[in-house]
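All of the numbers you see were taken from the coordinates with simple rules; none came from a lab. Predicted model only: the values in this text are computed from it and were never measured. When we count neighbours, we look across all protein chains shown, and the Cβ atoms used for this are built from the backbone with ideal geometry, even at glycine.
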Ligand SMILES: Nc1ncnc2c1ncn2[C@@H]1O[C@H](COP(=O)(O)OP(=O)(O)OP(=O)(O)O)[C@@H](O)[C@H]1O
Ligand SMILES: [Mg+2]
């Protein structure tokens, strides 16, 4: 089982979603890996650089985390890599990915930023990485105003690249129940426009901070997640 997690934006909940999905497969007893191919804004560690996303997912899910390229600057990968004079080579990332995939039953990859994020100045994007991996896309987005536009742009780009297997998770601010009708309409519009069966809403919960490694109410969120996807074996 393999999925690529992307988002309508940076900071939208890709890592939180990756942590939930990894935990789901770990709890099923499957040998699960999390792969953050490119981490920009890498954190300083005793013996060099590390990925905050990998640390968060590993700690919450107990999946094994991997990363190929760590860059210091919190910026688009094409730019962060230029600053360090280290070219991003898609084939190298794919080869790392394949080697992880041969050692695990499940691999959950997380992109950096959204699907159109450039990896170089020649037109290679995060979307190409997902397409070349040949895995379904799971898009993280925000429920509410702007959702249809943001999600549709990302899903259309994925389709254009030939990524046809898609699912969407929308994080909703449950504090404002007056938006419920609008959010449910977002879901049905996206289902109709893209023929996607699996579009789910999940709440934003208290106290979660990926960068500060705060898990807050992640356990409650995980419970909601398992309720949503139970009996849907592969999430699709
Ligand atoms: N379901 C949620 N409940 C509560 N807070 C959330 C949730 N999802 C995301 N957040 C908040 O948004 C922040 C960013 O989420 P996350 O790190 O998952 O985004 P991302 O898309 O992976 O960002 P990046 O592009 O940096 O990888 C989290 O630190 C957390 O504070
Ligand atoms: Mg992330």
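Panel values: the range 1-78, Kirkwood radius from alpha carbon pairs, Stokes-Einstein at 10 °C and 1.306 mPa s, translational diffusion coefficient 122 µm²/s.
Cα convex hull of the chain: mean projected area in nm², to one decimal? Computed as one quarter of the Cα hull surface, the answer is 12.3 nm². The overall shape of the range 18-150 is rounded: from the C-alpha gyration tensor, with semi-axes ordered a ≥ b ≥ c, the ratio a/c is less than 1.5. As a proxy for reagent exposure, 17, 83 were ordered by neighbouring Cβ count within 10 angstrom, fewest first; the result is 83, 17.
With each label modelled as a point 7 angstrom along the Cα→C-beta vector, the residue 179-residue 148 pair spans 1.6 nm.
With contacts taken as Cα pairs under 8 Å and at least 6 residues apart, the range 2-229 reaches a relative contact order of 23 percent. Taking the alpha carbon gyration tensor of the range 112-171, multiplying each eigenvalue by 5 and rooting it gives semi-axes of 20, 13, 9 Å, largest first. As an equivalent ellipsoid, the range 35-105 spans semi-axes of 21, 17, 9 angstrom, where each value is the square root of five times an eigenvalue of the C-alpha gyration tensor, largest first. When the chain is treated as a Gaussian network with alpha carbon springs shorter than 10 Å, the biggest mean-square fluctuation among 125, 102, 226 belongs to 102. Here the scattering of the range 125-236 is modelled by Debye summation over its C-alpha atoms, one equal scatterer each and no solvent; at q = 0.11, 0.18, 0.24 Å⁻¹ the log10 of I(q)/I(0) is -0.39, -1.02, -1.35. Exposure proxy for 15, 40, 124: other Cβ atoms within 10 Å of each Cβ, ordered fewest to most, give 124, 40, 15. Centroid-to-centroid, using Cα positions, the range 46-84 and the range 180-236 are 25 Å apart. Sorting the segments 117-123, 161-167 by their residues' average number of neighbouring beta-carbon atoms within 10 angstrom, most packed first, yields 161-167, 117-123. In the chain, the DSSP-assigned H stretches of four residues or longer account for a calculated mean residue ellipticity at 222 nm of -12500 deg cm²/dmol, using -39500 (n - 2.57) per stretch and the full residue count as denominator.
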